[in-house]
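The structure appears right after this line, and notes come after that.
The values are calculated or read from the model by the stated rules, or taken from the named source; none is laboratory data. All values reported here derive from a predicted model rather than from experimental measurement. We place every Cβ from the backbone using ideal geometry, glycine too, and count neighbours over all the protein chains shown. The protein model used for the area step is the full one, side chains on, heavy atoms only, and it has no ligands, DNA or RNA in it. Shrake-Rupley method; radii C 1.70, N 1.55, O 1.52, S 1.80 Å.
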Amino acid sequence: MKLFVRVIEARNLPATDPNGLSDPYVKLQLGKQRFRTKVIKKSLNPNWGEEFGLRVEDLNEELVISVLDEDKYFNDDFVGQIRVPVSRVFDTDHKSLGTSWYSLQPKNNKKSKTNRDCGEILLSIYFSHYTSMVDLTSNHASLMKHAESGNESPSRSSNRASLMKHAESGNESPARSFSGPLSSTYSVKSEDLPSSKEEKSSSQKTFTGRIAQIFIKNSDSDTLSTTDARANDAPELPEILESEISDDKTDDQSSSTSFGDAMKAMESRDEGSELPSDLPGGVFVDQLYGIATQELNALLFSPESSFPGSLADFQGNTELQIVPWKFDDSSGSFKRVISYIKGPTKLLKATKATEEQTYLKADGKSFAVFASVSTPDVMYGSTFKVELLYCITPGPELPSGEETSHLVVSWRMNFLQSTMMKGMIENGARQGLKDNFEQYTTLLSQTVKLVDPKDIGTDREQLLASLQAEPQSDWKLAVQYFANFTVVSTMFIGLYVFIHMWLATPSTIQGLEFVGLDLPDSIGEFIVCGVLVLQGERVLQIISRFMQARAQKGSDHGVRAQGDGWLLTVALIEGSNLAAVDSSGFSDPYVVFTCNGKTRTSSIKFQKPDPLWNEIFEFDAMDEPPSTLDVEVYDFDGPFDEASSLGHAEINFVKSNISDLADVWVPLQGKLAQACQSRLHLRILLNNTRGSNVVVEYLSKMEKEVGKKISLRSPQTNSAFQKLFGLPPEEFLINDFTCHLKRKMPLQGRLFLSPRIIGFHANLFGHKTKFFFLWEDIEEIQVVPPTLASMGSPAIVITLRKDRGMDARHGAKALDEEGRLKFHFQSFVSFNVAHRTIMALWKARSLSPEQKVQIVEEESETKSIQTEESGTFLGVEDVSMSEVFSSALPVPINFVMELFNGGELERRIMERAGCRNYSYTPWELEKGDSYERQIYYRFDKSISRYRGEVTSAQQKSALPDRNGWLVEEVITLHGVPLASLKISN
């Protein structure tokens, strides 16, 4: 059965706002079913006029109707409520309480001695058509029966007379009228009445079918009267009721399904699938909130939540319509549809948007909702859809013990049709979504507490306070370790021999024996002696192994970090399913952590496949944040044997968020580890003890290395850089350069440099190329002289170490015979600045002090004499030059300078001088009145039979008296017998 409740209006509601008004709405609850009306803004006498159908499963249930005042920023204020037992409605004659005013009651509060006036609400409560349908059909059967027999009751006679009267008058709706609680009228035409007994059955079917059709069409808003007496003969009633009941079940499943029950059903069906990865368009929201994941999921997507309505009002959206969640039988997914009219902007008018939301994952802890938004009314709206992915995952626990949730919202543009306006549409959508989600996060942070990840990482003492090593005495551990067959059998044989020696009588000296030497006299004694020697050796190895392991305990465990900078703390909690390599079926594991050349070693756990350590390790403070932490698990085989590896792992701080490493299970790599599915439970904390000045200090140090001012980038630029490559918040951009990536075809893009990575990004007609690798992965950096293939510009070739940087393999030009990736970058606008910056960052991150000294010595021997971007022309002032040619010509200075202005005169003169493929760059102002340019050409065979190449750097500056120019040039010769000869003039 269904109970219908029509919420009509309310009056004299108390004011909850300071301005004397309120924003009331009504919430209905019957069992686990919950519904709510729309919010009426700023009214104490609201008018709703909404009707709801609730499924009744138990007549002992109670209908609770509450009036609340919406509050955008805090919990909604309670106004009043009424409680109506369902049995009270069912026990009435007409199964209806009619339309009545009900006084709202406050919540039961023992502290409150007086009941305040909460106002009144007008409701219409009645049962659905099951009873009304029986009454209607029975009345019709009784009417037909009495009409044929002529025996009619007074009441029925009046109805009959009225019916005949309408039939004779030829009214278009001559019939008997039935009125329900909402004054809805259903008419039976006179031609539908039977004229003979043979037509009675078919007429009844026609009449009943029409009533059913009318009733089904208007079942959501109308009900039938039950004032007539019931009849016993209703031939078509079972079929109608069956179809109506099945329809009601379908409606109940689609609209009245409890959101909490649906989440539990999806949790039970979850098969441990992974959370979907972020969409490639980018991330708009990446925040931590101080709320459990289940509560945040209910706040954002539950039908009872007021957040969607508050968000629509905050963003200026109107006509919000939310279709209840329902299961899609065809796909087995949980979906709902939201439609609204987006408020107008400076570029677009008000537009209707339809958003279809689908749950991809709901396992009780993590939730993923995929949303597809279509706006067909906008320009080219039929060619694309905007797709969003909401991911809610558990965050690190707060020091107070509260749970946190990590909300990430990513997006992408799905083009249904090809269009030339793709770039413009995508850029416009990105900007619009950015503005929308800024409002989204603002409203959400006002509703839920926003958590700063830095606040979690700072309280490391509380986070690690729960780690207490298991107390175990050395004697207990020794008993556990030495209680094996080898030790026990050796002790038994040794005791047996000792007793034998004690009980045996001295024998006479025989054969080669002499006093003090008693050789074995039988094969049995010889075997026993051999076994005793072998067992003794084995026991001695076990004892030395145990003593060495105990000596290693605490070798670097508990050592406090020294210095000021980036402090790395690693808590080793436990291991799981570690491989067994000993003959006993167990292993003696210990863990070695390596970061920036420093190592920390854990204690050894004897005979433990699932060891429990609970040990904390600290690394000395580092100037820059570390890039990787290497983890290696070994099996201890004694002081003289090489330890065998049980698995290894690499913690990449660049690809991982520090908050995600606060409590993590790390899977081990390696054949043994992967076969056993070995894991380590770690807690990793990385804190900066220098505060916010670390970026400025690092840039100052790099300026000394590069020799050029490096500007501090804005937070917006750093944030865009982090989102572009998916980097953690502590990474910042140092510099970026326009260049070409050389593969089969040169690709124009930008090279980005930060303290820990070097990355490249290009977007050519929508085809994006993006990769990065660590400075530590670089083995060698070479400079290739300019060639025609490099468009007259030197190239930088970066070679990575073997099997490193494989994620960036699609950007490499080649993979050499040793398995190393090679990357070619060329066509830098300011090559020298780019090269010096790259070398400075590489030396700071990956080179040892000895390697740094060696590179400095090599650079001093082959000093670069190319120009610097700062305007200093290196090398010219240090070269001892002699005068080769001097002449005074009576011509204007401007005419002579035409030879250096890059015009047609200069080109013709250089070609007459035997220079081929002559090319140059425009003069660029460097500093003050100093200009620089680059020149490239090849010698003709008449000048040099080797046909060498020339790269030249020219600098011109005005003379002190401003009456002329000083032109300085450095020429580098390539492909000649004297190798790379440099000439200054």
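If you check every pair at least six apart or on different chains, which have Cβ atoms under 8 Å apart with a residue in the range 695-716 that is under 18 Å from P625 (Cα atoms) first and a residue that is modelled with pLDDT of 80 or more and open to solvent by 80 Å² or more (accessible area, probe 1.4 Å) second?
Between residues of the range 695-716 that are under 18 Å from P625 (Cα atoms) and residues that are modelled with pLDDT of 80 or more and open to solvent by 80 Å² or more (accessible area, probe 1.4 Å), the close pairs are V695/L712; V696/L712; L699/L712.
What residue, of E239, E267, E274, E295, is assigned to a loop (DSSP other than H, G, I, E, B) and either modelled with pLDDT of 85 or more or open to solvent by 60 Å² or more (accessible area, probe 1.4 Å) (or both)?
Working: E239 fails: assigned to a loop (DSSP other than H, G, I, E, B); E267 fails: assigned to a loop (DSSP other than H, G, I, E, B); E295 fails: assigned to a loop (DSSP other than H, G, I, E, B).
The unique qualifying residue is E274.
Which pairs turn up if I take residues in the range 580-606 that are on the phi > 0 side of the Ramachandran plot and look for partners that are at pLDDT below 85 and part of a strand (DSSP E or B) with beta carbon separation below 6 Å, at least 6 apart in sequence or on another chain?
N596/M622
Given the criteria touching a helix residue (DSSP H, G or I) at 6+ places or on another chain (Cβ under 7 Å) and within 30 Å of Y440 (Cα to Cα), does K72 qualify?
Working: touching a helix residue (DSSP H, G or I) at 6+ places or on another chain (Cβ under 7 Å): yes; within 30 Å of Y440 (Cα to Cα): yes.
Yes: the conditions hold for K72.
Does the range 111-118 contain at least one residue that is within 30 Å of K41 (Cα to Cα) and at pLDDT 80 or above?
yes
Of all the residues that make up the range 63-79, how many are hydroxyl-bearing (S, T, Y) and in a strand (DSSP E or B)? Don't jump to the end; show me each part of the working.
Let us first name the residues in the range 63-79 that are hydroxyl-bearing (S, T, Y), namely 66, 73.
Right, trim to in a strand (DSSP E or B) and you get 66.
Result for the range 63-79: 1.
From (1) open to solvent by less than 20 Å² (accessible area, probe 1.4 Å); (2) under 25 Å from the mean Cα position of the chain (by Cα); (3) not polar (S, T, N, Q), pick out the condition that doesn't hold for M702.
With (1) open to solvent by less than 20 Å² (accessible area, probe 1.4 Å); (2) under 25 Å from the mean Cα position of the chain (by Cα); (3) not polar (S, T, N, Q) applied to M702, the lone miss is (2).
Output the number of residues of the range 646-687 satisfying the condition of being open to solvent by 50 Å² or more (accessible area, probe 1.4 Å) and not in a loop (DSSP other than H, G, I, E, B). Show your work before the answer.
First pass over the range 646-687, keeping only residues open to solvent by 50 Å² or more (accessible area, probe 1.4 Å): 648, 650, 655, 660, 663, 665, 667, 669, 671-672, 674-677, 679.
Those left that are additionally not in a loop (DSSP other than H, G, I, E, B): 648, 650, 660, 665, 667, 669, 671-672, 674-676, 679.
Count: 12.
Report, ordered by the first and then the second residue, all pairs with beta carbons closer than 6 Å, sequence separation of six or more or different chains, a first member in the range 406-425 that is over 30 Å from T393 (Cα atoms) and outside any strand (DSSP E or B), and a second member that is open to solvent by less than 30 Å² (accessible area, probe 1.4 Å) and among the hydroxyl-bearing types (S, T, Y).
Close Cβ pairs satisfying both conditions: L416/T383; Q417/T383; T419/T383.
Just checking, which of K361, K342 is under 16 Å from the mean Cα position of the chain (by Cα) and surrounded by 16 or more Cβ atoms within 10 Å (Cβ to Cβ)?
K361 is the lone residue from the list that is under 16 Å from the mean Cα position of the chain (by Cα) and surrounded by 16 or more Cβ atoms within 10 Å (Cβ to Cβ).
With a cut-off of at least 1 residues that are at pLDDT 70 or above, over 16 Å from P794 (Cα atoms) and out of contact with any Pro (no Cβ under 8 Å at 6 or more places or on another chain), name the strands (runs of 3 or more DSSP E) lying wholly within the range 917-985. Spell out the reasoning first.
Details: elements: 924-927, 930-939, 949-958, 965-974, 981-984.
Once the strands (runs of 3 or more DSSP E) in the range 917-985 are filtered for at least 1 residues that are at pLDDT 70 or above, over 16 Å from P794 (Cα atoms) and out of contact with any Pro (no Cβ under 8 Å at 6 or more places or on another chain), what remains is 924-927, 930-939, 949-958, 965-974.
Is it the case that some residue within the range 38-59 is more than 30 Å from Q446 (Cα to Cα) and touching a Pro at 6+ places or on another chain (Cβ under 9 Å)?
Scanning the range 38-59 turns up at least one residue that is more than 30 Å from Q446 (Cα to Cα) and touching a Pro at 6+ places or on another chain (Cβ under 9 Å).
Restricting the search to the range 749-770, which residues are open to solvent by 20 Å² or more (accessible area, probe 1.4 Å) and either in contact (Cβ under 8 Å) with a residue 40 or more places away in the chain or of a type in the set (A, V, I, L, M) (or both)? First the steps, then the outcome.
From the range 749-770, those open to solvent by 20 Å² or more (accessible area, probe 1.4 Å) are 750, 752, 761, 763-768, 770; that's our starting set.
Hits for the range 749-770 are L764, G766, K770.
Only one residue in S627, S645 is modelled with pLDDT of 80 or more and within 23 Å of P396 (Cα to Cα), so which one is that? Can you show your working first?
Values: S645 fails: within 23 Å of P396 (Cα to Cα).
Just one listed residue meets the conditions, S627.
So, in the range 29-80, exactly how many residues are open to solvent by less than 30 Å² (accessible area, probe 1.4 Å), within 14 Å of L13 (Cβ to Cβ) and of a type outside the set (V, I, T)?
Count: 8.
From E403, E387, which residue is open to solvent by 90 Å² or more (accessible area, probe 1.4 Å), in contact (Cβ under 8 Å) with a residue 24 or more places away in the chain, among the charged types (D, E, K, R) and not in a helix (DSSP H, G or I)? Working first, answer last.
Numbers: E387 fails: open to solvent by 90 Å² or more (accessible area, probe 1.4 Å).
From the options E403, E387, the qualifying one is E403.
Would you please list the contacts, defined by Cβ atoms under 7 Å and residues six or more apart or on different chains, that run from a residue in the range 438-450 that is of a type in the set (F, W, Y) to a residue that is assigned to a helix (DSSP H, G or I)?
The qualifying pairs are Y440/L311.
State whether one or more residues within the range 468-483 are in a helix (DSSP H, G or I), aliphatic (A, V, I, L, M), at pLDDT below 75 and open to solvent by less than 40 Å² (accessible area, probe 1.4 Å). First the steps, then the outcome.
The first filter runs over the range 468-483 and keeps only residues in a helix (DSSP H, G or I), leaving 474-482.
Restricting the remaining residues to those that are aliphatic (A, V, I, L, M) gives 477-479.
Restricting the remaining residues to those that are at pLDDT below 75 gives 477-479.
Checking the rest, the ones that are also open to solvent by less than 40 Å² (accessible area, probe 1.4 Å) come to 477-478.
Yes, that holds for at least one residue.
Is it the case, given these coordinates, that S887 is modelled with pLDDT under 80, assigned to a loop (DSSP other than H, G, I, E, B) and over 30 Å from R743 (Cα atoms)? Talk me through it step by step, then tell me what you get.
Details: modelled with pLDDT under 80: yes; assigned to a loop (DSSP other than H, G, I, E, B): yes; over 30 Å from R743 (Cα atoms): yes.
So S887 passes the test.
Being within 26 Å of K843 (Cα to Cα), open to solvent by 10 Å² or more (accessible area, probe 1.4 Å) and assigned to a strand (DSSP E or B) is the filter here, so list the residues in the range 593-617 that pass it. Break it down stepwise before answering.
Taking the range 593-617 and keeping what is within 26 Å of K843 (Cα to Cα), we get 593-600.
Imposing the further condition that a residue be open to solvent by 10 Å² or more (accessible area, probe 1.4 Å) reduces the set to 594, 596-600.
The answer is T594, K598, T599, R600.
Name every residue in the range 518-576 that is modelled with pLDDT of 70 or more, assigned to a loop (DSSP other than H, G, I, E, B) and open to solvent by less than 30 Å² (accessible area, probe 1.4 Å), in order of residue number.
G565
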